[in-house]
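Structure first, then comments.
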Amino acid sequence: MSEFEADALSVRLVSRETAVESLTLNHVLDRYLEEAYWPGLLSLAQQYPEPFVDPYRGMAENLGTQLNMKWAEYWLHQAMRVETRIDLTHPCLRERFEALKAAPRIVLTEPGQTADRLLGNALDPITEQMDKEWQDSIRSWWTEQYKKARKKQGQPAEQKARNRDQSIQVESTINFGQEVTVNG
């Protein structure tokens, strides 16, 4: 099924307005995650020897405060200028909206209208499992990044780890894009 067919089907299943809002929000969220959230989170590997963050819990908790209309409009404006190219797997966003005979519409998700509403009590165990699996899968890469950063700074990784274990308490979630406060 092509993207155009999928978009047309979504209009039939929900409504044109909802399909347009969803397509717009999906693009904006992708850009936020690619350009702000994941780079901020992964940069912590240079400071801490083990992955201690809960990225999916943090994503859910921070999305409403981190993603603002100014950035959403900027990313959408940039996307609407992109042309479809042979090396892209999807048609450009502008062509998809043209096929829907609609303009993009940014409606940022309100607190309480996200996964917590859809999943209810199942959200916490699902998020906890996803965070654990992420930490397990990223651990060797994270540790390697930490060692490289320590080597550049001239401090042995083992000494830094001992210092961290003795003196730092880190909150389980971090507001990325804001200064991180570390007690110790």
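The values are calculated or read from the model by the stated rules, or taken from the named source; none is laboratory data. Computed from a prediction, not measured in an experiment: that's the story for all the values here. Here the Cβ positions follow ideal geometry from the backbone for every residue, glycine too, while neighbour counts run over all protein chains shown.
Of note:
- Filtering the range 12-35 to residues that are crowded, with 17+ Cβ neighbours inside 10 Å and farther than 13 Å from Val107 by Cβ leaves Arg31, Tyr32.
- Residue within the range 166-177 that is loosely packed, with under 15 Cβ neighbours inside 10 Å, at pLDDT below 90, outside any helix (DSSP H, G or I) and of a type in the set (A, V, I, L, M) present: yes
- Residues that are among the hydrophobic types (A, V, I, L, M, F, W, C) and in contact (Cβ under 8 Å) with a residue 12 or more places away in the chain were ranked within the range 72-91; the one that is farthest from Arg105 (Cα to Cα) is Val82.
- Matching entry among Gly58, Gly40 (being at pLDDT 90 or above, under 30 Å from Ser140 (Cβ atoms) and buried (at least 18 other Cβ atoms within 10 Å of the Cβ)): Gly40
- Tally of residues being hydroxyl-bearing (Ser, Thr, Tyr) and surrounded by 13 or more Cβ atoms within 10 Å (Cβ to Cβ) across the range 1-11: 1
- Test set (1) surrounded by 12 or more Cβ atoms within 10 Å (Cβ to Cβ); (2) among the hydroxyl-bearing types (Ser, Thr, Tyr); (3) closer than 23 Å to Arg31 by Cβ - Thr89 fails condition number: (1)
- Pairs, first more than 14 Å from Val107 (Cβ to Cβ) and among the basic types (Lys, Arg) in the range 57-71, second modelled with pLDDT of 80 or more and surrounded by fewer than 18 Cβ atoms within 10 Å (Cβ to Cβ), C-beta under 9 Å, six or more apart: Arg57/Asp124; Arg57/Glu128; Arg57/Met130
- Residue ID - farthest from His77 (Cα to Cα), chosen from residues in the range 7-40 that are of a type in the set (Ser, Thr, Tyr) and part of a helix (DSSP H, G or I): Ser10
- Phe4 vs. criteria modelled with pLDDT of 90 or more and either within 24 Å of Asp131 (Cα to Cα) or not in a helix (DSSP H, G or I) (or both): no
- Of residues in the range 61-86 being farther than 17 Å from Leu29 by Cα and β-branched (Val, Ile, Thr), the one modelled with the lowest pLDDT: Ile86
- For Phe97, the conditions (1) surrounded by 11 or more Cβ atoms within 10 Å (Cβ to Cβ); (2) in a helix (DSSP H, G or I); (3) under 20 Å from the mean Cα position of the chain (by Cα) are fulfilled apart from (3).
- Tally, over the range 41-67, of residues that are assigned to a loop (DSSP other than H, G, I, E, B) and either closer than 24 Å to Leu123 by Cβ or under 13 Å from the mean Cα position of the chain (by Cα) (or both): 5
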